[in-house]
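Asker: Below is one structure. I have some questions about it.
The values are calculated or read from the model by the stated rules, or taken from the named source; none is laboratory data. Just so it is clear, the structure is predicted and the values come from calculations on it, not from any experiment. As a convention, Cβ positions derive from the backbone with ideal geometry for all residues, glycine included, and neighbour counts pool all protein chains shown. Areas reflect the complete protein model, heavy atoms only, side chains present, ligands, DNA and RNA absent. Shrake-Rupley method; radii C 1.70, N 1.55, O 1.52, S 1.80 Å.
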Amino acid sequence: MTQSVMNPENYQVQLDEKAEALSAMFSEFNVPELEVFSSPAENYRMRAEFRVWHEGDEMYYVMFNQETKEKYRVDYFLPASRLINDLMPLLTEAVKESKTLRYKMFQVDFLSTLSGEILVSMLYHRQLDDAWKEEAKALKQRLNDEGFNLNIIGRARKMKIVLDQEFVIEKLKVNDDILTYKQVENSFTQPNGIVAQKMLEWAVDCTQNSQGDLLELYCGNGNFSLALAKNFDRVLATELAKPSVDSAQYNIAANNIDNVQIIRMSAEDFTDAMEGKREFRRLKDQNIDLKSYNCNTIFVDPPRSGMDEGTCKMVQGYERIMYISCNPETLKENLEILSQTHNITRFALFDQFPYTHHMEAGVFLTLKA
């Protein structure tokens, strides 16, 4: 989508169109009134990546039109956070002055935060050496002297150089709580920080006055697990990606939360473990007794492909289901199974990606009487 259609004056119109489309798409499920959570109309994306174009002594960022594949120059990117936009021109100006830093650099990735930290990954079509490292250290110092809280990573084929750290520390405000999250480069994090806070507050509100324990599948870095922990006796969460599990463990400690347990396991393996089909050594190694948990609420935030039929059937065994979806099509497929046993009591749209067709949805279901 080109920047010409990203017009903040039209933001509310496009949000209303999304809400209407989502409500119509799920009307057959007798859903309650849609709760709509808006995004800032600009500077909402905490992550952005740009190709770097070289023309003689000139060097600038480009993006590509998804439909025509034509490149266009980007000096200011409306969706990106103010922190990214503030840094973009200063970074290119500084890199242009260094033959070592600019030589065969083809891409820059930014990971910013609401808390003020930013991580820059510089990608190259060449191997990086000590000279690059020294120049990159000087660049980092120069930019931090100008007021940034910045770290730099250099990447090349089968090569990665980290200057100090490969993560940022984000702080999200959830009602009256401030939660700390370690967000690692190249690991999944919610791209829209303001909407991420609204999603967490909605999830906390849905599960107020809960009884028993919470089971969470696909927990990532513990984004929802930590916010929901106060509503439950205990939280048992699963995640397959090791960097995300490591971040989740860091986040549990950083927030002084003592009732969340993370297991590195796929949803499918966990289903087998819960049903007693297989025994898993990692559960024994972590002294986790699944039978000791009284999980009557389950939280799922699956990938775009949704949940497989077996996982849907397992999820039906819980009194209450919270489902966050980044793909309404697979959410609809899953709800055709889940709605056989559960009623949809809350239904929400989170506008993570303004000016696109992308819709993030939240559904809260309770067991039919």
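Asker: Restricting attention to segment 319-336, which residues are in a loop (DSSP other than H, G, I, E, B) and either out of contact with any Ser or Thr (no Cβ under 9 Å at 6 or more places or on another chain) or open to solvent by less than 20 Å² (accessible area, probe 1.4 Å) (or both)?
Answerer: Matches in segment 319-336: CYS326 only.
Asker: Ok, one more. Can LYS158 be described as touching a residue at least 12 places away in the same chain (Cβ under 8 Å) and among the basic types (Lys, Arg)?
Answerer: For LYS158, the condition - touching a residue at least 12 places away in the same chain (Cβ under 8 Å) and among the basic types (Lys, Arg) - is not met.
Asker: When both residues are 6+ apart or on different chains and their Cβ atoms are under 6 Å apart, which pairs have a first residue that lies in segment 80-95 and is farther than 20 Å from SER39 by Cα, and a second that is open to solvent by less than 40 Å² (accessible area, probe 1.4 Å)?
Answerer: Final answer for the pair search is THR92/MET59; ALA94/LEU139; VAL95/LEU101; VAL95/ARG102.
Asker: For ASP205, only one of the following conditions fails: (1) acidic (Asp, Glu); (2) in a helix (DSSP H, G or I); (3) under 28 Å from ASP289 (Cβ atoms). What is its number?
Answerer: It fails just one condition, (3).
Asker: For segment 121-144, indicate whether the set of residues that are closer than 29 Å to PRO40 by Cβ, part of a loop (DSSP other than H, G, I, E, B) and in contact (Cβ under 8 Å) with a residue 12 or more places away in the chain is non-empty.
Answerer: no
Asker: Report every pair of residues separated by at least 6 positions or lying on different chains whose Cβ atoms are under 7 Å apart, first residue within segment 288-313 and under 18 Å from MET359 (Cα atoms), second in a loop (DSSP other than H, G, I, E, B).
Answerer: VAL300/TYR218; VAL300/MET307; ASP301/TYR218; PRO302/TYR218; ARG304/CYS326; ARG304/ASN327; GLY306/ASN327
Asker: Residue under question is ASN259, and the condition is that it be farther than 24 Å from ILE169 by Cα, surrounded by fewer than 20 Cβ atoms within 10 Å (Cβ to Cβ) and more than 19 Å from the chain's Cα centre (by Cα); does it hold?
Answerer: The answer is no for ASN259.
Asker: Given (1) of a type in the set (Val, Ile, Thr); (2) more than 21 Å from the chain's Cα centre (by Cα); (3) part of a strand (DSSP E or B); (4) surrounded by 16 or more Cβ atoms within 10 Å (Cβ to Cβ), identify the lone condition not met by THR345.
Answerer: (4)
Asker: Can you tell me which of (1) part of a strand (DSSP E or B); (2) buried (at least 17 other Cβ atoms within 10 Å of the Cβ) is the one ASN221 doesn't meet?
Answerer: Result: ASN221 passes all but (1).
Asker: Which one of the conditions (1) assigned to a helix (DSSP H, G or I); (2) open to solvent by 60 Å² or more (accessible area, probe 1.4 Å) does SER305 fail to meet, given that it meets all the rest?
Answerer: All conditions are met except number (1).
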